[in-house]
Structures are given as C-alpha cells and as structure tokens.
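The values are calculated or read from the model by the stated rules, or taken from the named source; none is laboratory data. Note that the structure is predicted; figures quoted are calculated from it, not measured. Methodologically, a virtual Cβ is constructed for each residue, glycine included, from the backbone with ideal geometry; neighbour enumeration extends over all protein chains shown. The protein model used for the area step is the full one, side chains on, heavy atoms only, and it has no ligands, DNA or RNA in it. Shrake-Rupley method; radii C 1.70, N 1.55, O 1.52, S 1.80 Å.
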Amino acid sequence: MKGIRLKLMLHLYNWSSKVYADIFKWNKKAWGISKEEFLTYPIGSIGHSLGLFYASKGFDVMPKLENHDVFHIITGTGTEIQDEIAMQYLLLGNGKVSLYLMGMIAIGGILFPEHFKYYKKTFQKGRSLQRFHHIEFKEILHYQLTELQIALYSKNIQVDLNK
C-alpha cells in the first residue's frame with residue numbers, strides 16, 4: 001500500500017510543480033543559471049552549495065523554482081517525498097501561505113499520516129526560524145551559507161540582505 005501512495009504522491013508532486021511554476025510563477029523569471037555554473041560560486045557560498053546539492057542529488061535546475069532548492073540547503077531538509085511534504089509544513093510555520101502549499105499539506109498529510117510527528121516538528125522548526133520564505137536568493141548567492149543559517153536560526157541576529 002505504501003508503494004501505491006508513494007507513486008501517487010510522486011506523480012502529483014512532479015506534475016504539480018510544473019503546473020505551479022507555469023500558473024503561479026508566471027510573472028517570475030527563471031534564474032538562468034545552470035547547475036554547473038552554481039559550482040563556480042565561492043566555496044561555502046549559497047550558490048556553490050546549491051551546485052553541490054544538484055550534483056549530489058543528480059537533480060536538474062527547475063526554472064522558476066530555484067528558491068525551493070535553496071530552502072532545502074538552508075534548512076537541511078531532505079528530498080524524499082515525506083521531506084518535500086515536511087518542507088511545506090516548515091514553510092507554513094515560517095509564515096508562507098499559498099494554495100499549492102495547502103494542497104501539498106492536505107494531500108501529503110492524508111497519504112502519509114505516519115509522518116505526522118515529523119511534519120509537526122518541521123512546522124515548529126519553521127516557526128523558530130527568522131522569516132526567509134520571501135527572500136529572493138538569486139541576489140545573495142555569493143553569501144556564505146553558514147552565515148545565513150546562523151542568522152536564520154538566531155533570534156539575536158538581524159538578517160540584513162541589503163549588503
């Protein structure tokens with residue numbers, strides 16, 4: 001039964017992410033950076049870390065959805081289907097609300113209720129982080145990843161992205 005749920009959710013995720021990019025991100029421009037070009041950013045930077053992420057996972061850049069992949073590297077959230085659902089819970093906890101997010105949470109929660117504790121934990125993690133879901137990461141790919149993570153996880157450091 002889990003195999004069927006997994007196949008269904010993977011199909012929905014793959015289909016919906018393309019639809020989401022076309023319909024809800026119609027006014028957003030793709031970054032236009034290849035996964036190889038990300039590796040030319042300084043070592044330790046968000047850009048370089050994103051290049052390593054793509055290389056290690058064997059993923060391609062999904063145009064207009066690049067920020068989502070940055071969410072994975074800054075939060076340490078995995079890429080299995082339960083992790084993708086958990087990412088939506090984390091983003092909800094961080095203050096993001098969208099039709100797509102709510103749909104993923106509802107469908108994922110119904111199909112994978114055995115991961116509810118994990119989803120709840122990632123929701124709480126999202127609440128504990130400084131708001132980041134709105135950041136356009138293309139503008140700060142040269143920033144050091146660890147510095148951004150320290151700032152996001154700290155209540156005492158103000159995240160200033162106007163540098």
Within the stretch 123-131, is there a residue that is over 29 Å from residue 29 (Cβ atoms) and in contact with a His (Cβ under 6 Å, 6 or more places away or on another chain)?
-> no
In the stretch 87-104, what count of residues is obtained for those that are hydroxyl-bearing (Ser, Thr, Tyr) and assigned to a helix (DSSP H, G or I)?
-> 2
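Let's see how each residue does on (1) surrounded by fewer than 19 Cβ atoms within 10 Å (Cβ to Cβ); (2) without any contact (Cβ under 8 Å) to a residue 60 or more places away in the chain:
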| residue | (1), (2) |
| --- | --- |
| 49 | no, no |
| 56 | yes, yes |
| 76 | yes, yes |
| 90 | no, yes |
| 99 | yes, no |
| 104 | no, no |
| 108 | no, no |
Answer with yes or no whether residue 60 is among the acidic types (Asp, Glu), open to solvent by less than 70 Å² (accessible area, probe 1.4 Å) and closer than 25 Å to residue 30 by Cα.
-> no
Can you find a residue in the stretch 57-64 that is within 24 Å of residue 32 (Cα to Cα), of a type in the set (Lys, Arg) and within 16 Å of the chain's Cα centre (by Cα)?
-> yes
Checked 107, 73 against criteria (in a helix (DSSP H, G or I), of a type in the set (Val, Ile, Thr) and under 19 Å from residue 12 (Cβ atoms)); the one match is 107
